[in-house]
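A.B. asks: Sharing a structure here in structure tokens format.
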Amino acid sequence: MKKLLLISMILLSLVLAGCQKDEPKEETTSDNLTNQTEQSNEDSLTPTDTIKPQVDEESRTKIKELESKLENNDKQIEELNTKVDSLTDELNKKKESEKPQVKPTSTSSSKTYYRVVAGSYTTKENANKKVTSLKAKGFDAFILSSNNKFRVIAGTYSKLNNANIKKDMLKKSGFESFVIK
């Protein structure tokens with residue numbers, strides 16, 4: 001495409017400069033020779049008439065040179081593209097081999113839960129008393145022990161808003177509570 005555009009531009013510039021091809025010449029005969037002599041007396045030769053064939057030949061030569069250069073440039077571009085492709089492949093292979101292996105994690109451990117804590121006690125007896133009083137008012141509750149502490153959980157929720165609603169319900173019923181993540 002570039003080659004055609006360049007050739008078209010060169011030809012257009014030659015046409016604009018007045019370098020069009022000569023018309024085919026007639027065979028030289030004695031009659032034609034006398035006619036030409038008479039015509040040459042009537043029409044004097046201008047300098048462009050003698051230069052025209054030279055310019056045409058020079059233009060053709062330049063066009064051929066430019067076409068040759070374009071072909072060479074196309075070959076070089078193709079070679080460079082091939083090199084870029086091979087280097088890109090090598091780089092991708094190297095990146096793949098250097099990637100750290102990612103271990104899949106279970107989705108349940110990454111999910112966040114919000115717990116409504118109605119009390120935290122150092123003895124299991126006190127935690128049981130709190131569970132009994134919560135159940136007496138209609139709330140579900142259980143004991144979760146960790147680090148020698150006993151937490152009374154009144155609910156576990158995946159959304160913070162739901163945990164806060166439960167906390168407000170407990171407060172209306174006279175139970176202090178808080179939400180943990």
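A.B. asks: Classify region 111-180 from the C-alpha gyration tensor, please: rounded if a/c falls under 1.5, else prolate or oblate depending on whether a/b exceeds b/c.
C.D. replies: oblate
A.B. asks: Hey, can you rank 143-150, 165-172 by average C-beta count inside 10 Å, highest first?
C.D. replies: So the peptides 143-150, 165-172, ranked by packing, come out 165-172, 143-150.
A.B. asks: Order these peptides, 120-130, 68-78, by their mean beta-carbon neighbour count within 10 angstrom, highest first.
C.D. replies: Descending packing order for the listed peptides: 120-130, 68-78.
A.B. asks: Expected output is a single nm value to one decimal: the length gained when fully extending between LYS149 and SER173, i.e. 0.36 nm times separation in residues minus the C-alpha distance. What is it?
C.D. replies: That pair, LYS149 and SER173, stretches by 6.2 nm at full extension.
A.B. asks: In addition: Sort ASP56, ASP85 by Cβ crowding within 10 Å, fewest neighbours at the top.
C.D. replies: ASP85, ASP56
A.B. asks: Rounded to the nearest 0.05, what FRET efficiency do ASP140 and THR112 give with R0 = 22 Å and r taken as the Cβ-Cβ distance? Could you check?
C.D. replies: Given R0 = 22 Å and the Cβ-Cβ separation, E is 0.55.
A.B. asks: Once R0 is set to 45 Å, what does the formula 1/(1 + (r/R0)^6) return for the Cβ-Cβ distance between LYS159 and LYS93, expressed as a FRET efficiency to the nearest 0.05?
C.D. replies: 0.50
A.B. asks: Using a basic spin-label model with each label point 7 Å from the Cα along Cα→Cβ, how many nm lie between GLU79 and LYS181?
C.D. replies: If labels sit at GLU79 and LYS181, their model points lie 6.1 nm apart.
Any read-out appearing in this document is the output of simple, stated calculations on the displayed coordinates, not a laboratory observation. Because the structure is a prediction, the values reported are computed rather than measured. Quick reminder, even Gly has a Cβ in these numbers, built from the backbone with ideal geometry, and neighbours come from all protein chains shown.
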